[in-house]
1. The conditions are (1) surrounded by 23 or more Cβ atoms within 10 Å (Cβ to Cβ); (2) free of Cβ contacts under 8 Å to residues at least 24 places away in the same chain, and B:Cys62 fails exactly one of them. Which is it?
2. Looking only at region A:152-162, decide whether some residue is on the phi > 0 side of the Ramachandran plot, away from every other protein chain (no Cβ under 14 Å), in contact with a strand residue (DSSP E or B) (Cβ under 7 Å, 6 or more places away or on another chain) and within 15 Å of ligand 2 (Cβ to nearest atom).
3. Would you be able to tell me the number of residues in region A:147-190 that are open to solvent by 60 Å² or more (accessible area, probe 1.4 Å) and of a type in the set (A, V, I, L, M, F, W, C)?
4. Identify the single condition in (1) in contact with a Pro (Cβ under 7 Å, 6 or more places away or on another chain); (2) on the phi < 0 side of the Ramachandran plot; (3) within 16 Å of ligand 5 (Cβ to nearest atom) that A:Gly30 does not satisfy, given that it satisfies every other one.
5. Just to verify a result, which residue in region A:116-151, among those that are within 16 Å of ligand 2 (Cβ to nearest atom) and under 30 Å from A:Pro93 (Cβ atoms), is nearest to the other protein chains (Cβ to nearest Cβ)?
6. Restricting to region A:96-118, what's the tally of residues that are free of Cβ contacts under 8 Å to residues at least 60 places away in the same chain and either more than 8 Å from ligand 1 (Cβ to nearest atom) or of a type in the set (A, V, I, L, M) (or both)?
7. Looking at region B:1-18, which of its residues are touching a Gly at 6+ places or on another chain (Cβ under 8 Å) and buried (at least 19 other Cβ atoms within 10 Å of the Cβ)?
8. Is there a residue being open to solvent by 70 Å² or more (accessible area, probe 1.4 Å), in contact (Cβ under 8 Å) with a residue 12 or more places away in the chain and among the charged types (D, E, K, R) anywhere in region A:3-25?
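The values are calculated or read from the model by the stated rules, or taken from the named source; none is laboratory data. Quick caveat, the model's predicted, so the values are computed rather than measured. Cβ: placed from backbone, ideal geometry, glycine included. Neighbour counts: every protein chain shown. Calculation scope for accessible area: heavy atoms of the full protein, side chains included, ligands and nucleic acids excluded. Shrake-Rupley method; radii C 1.70, N 1.55, O 1.52, S 1.80 Å.
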Amino acid sequence: MTAQDIIKPENLVYSKPSLLNDNTMHYCPGCSHGVVHKLIAEVIEEMGIMDKTVGVSPVGCAVFAYNYIDIDWQEAAHGRAPAIATAIKRLLPENLVFTYQGDGDLAAIGTAETIHAVNRGDNLAMIFINNAIYGMTGGQMAPTTLEGMKTATCPYGRDPQLNGYHLPITNLVAQLEGARYVTRQSVHTAAAVRKAKAAIRKAFENALCPEKKGASFVEIVSTCNSGWKLSPEKANQWMVENMFKAYPIGDLKNI
Amino acid sequence: MAKIKGAVSVNVERCKGCELCVVACPTHVLAMSKQVNAKGYRYAMMANEDACIGCASCGIVCPDGCISVYKVKIEE
Ligand SMILES: Cc1ncc(C[n+]2csc(CCOP(=O)(O)OP(=O)(O)O)c2C)c(N)n1
Ligand code: SF4
Ligand code: SF4
Ligand code: SF4
Ligand SMILES: [Mg+2]
């Protein structure tokens, strides 16, 4: 039996979700953002909630997320996605409202919005792409940058004496009464991608549940292979060896 | 005994040549093309068709959703 005999519609077991449209994503080859976009589209499609989902996109590499997943979107000013999402959720309480933000967006300029939106306990889902760098603007140091990690603005490595320490904002979020589900995942292997998908699904289901309030927060420990100046494969290896020590994978809160 | 056989098709023009699918394949089915697509990227292709078990690992890790996976059960 040749590949040609097998490649038939009735034998299909995996393909891109159709909600992720045919536009070419602008992300660098191998970027984690693409995998997470695909998972979000899969989950929304499987839950059948395309018509009642509103995404809030960030400033950062994911600024154009609205070009790729065919749902309603609102673009927020840098760091303000959780505030915008809170407003949308309060006006449209029946809808799934989620934010999608990088670490520069969520854990630097938007730290106040992140903390207060979670602490208010609205039923939001928040997807946090932590690649420990400002990818979009050319790879500058972020609050999440690891000690010793080289970036455009700390070319000799982040020096804690000068720049302080990496910010595990997800741990802070987990402390808050308003947080219901807080988890840290990754998308570097097929097994990890499956777990990350289950986490996104849980966050989306929580955010649609009228009985129980609270924010659901999913950090995806990610790579920015361009900013890190590594191949996609090497970037994944570097992430496992270094990022996972500072940002361990697993659930931080689940109530 | 029934045997599982898989095959993949790659959306060549969507592929960005990141090679993460090649790394993810447990049976070393995939390799990168010598030719490039219209964007100038070498693209993923099946180099060792017979080894594919249709596990979909390649498709699942692809950041650009380029890979469709097919699987059949062959009764022997
Ligand atoms: C108010 C404001 N300040 C600064 C910027 C510049 N800026 C654009 S994206 C970005 C950071 C992006 O990093 P991150 O959120 O980690 O996203 P990534 O690109 O890494 O996914 C910054 C500082 C801006 N656009 N607006
Ligand atoms: S700069 Fe980094 S985060 Fe942005 S698309 Fe490229 S790899 Fe992804
Ligand atoms: S389906 Fe599995 S075995 Fe086949 S090419 Fe993809 S990763 Fe390899
Ligand atoms: S993972 Fe996707 S984009 Fe990367 S080489 Fe394979 S098919 Fe191409
Ligand atoms: Mg970033």
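1. (2)
2. Going through region A:152-162, the residues on the phi > 0 side of the Ramachandran plot turn out to be A:157.
Narrowing the set further to residues that are away from every other protein chain (no Cβ under 14 Å) leaves A:157.
Narrowing further to those that are in contact with a strand residue (DSSP E or B) (Cβ under 7 Å, 6 or more places away or on another chain): none.
No, every residue in region A:152-162 fails to be on the phi > 0 side of the Ramachandran plot, away from every other protein chain (no Cβ under 14 Å), in contact with a strand residue (DSSP E or B) (Cβ under 7 Å, 6 or more places away or on another chain) and within 15 Å of ligand 2 (Cβ to nearest atom).
3. Qualifying residue count, region A:147-190: 3.
4. If we test A:Gly30 against (1) in contact with a Pro (Cβ under 7 Å, 6 or more places away or on another chain); (2) on the phi < 0 side of the Ramachandran plot; (3) within 16 Å of ligand 5 (Cβ to nearest atom), just (2) comes out false.
5. A:Ile129
6. Selection size over region A:96-118: 9.
7. Within region B:1-18, B:Lys5, B:Gly6, B:Ala7, B:Val8, B:Arg14, B:Lys16, B:Cys18 meet the criteria.
8. No, every residue in region A:3-25 fails to be open to solvent by 70 Å² or more (accessible area, probe 1.4 Å), in contact (Cβ under 8 Å) with a residue 12 or more places away in the chain and among the charged types (D, E, K, R).
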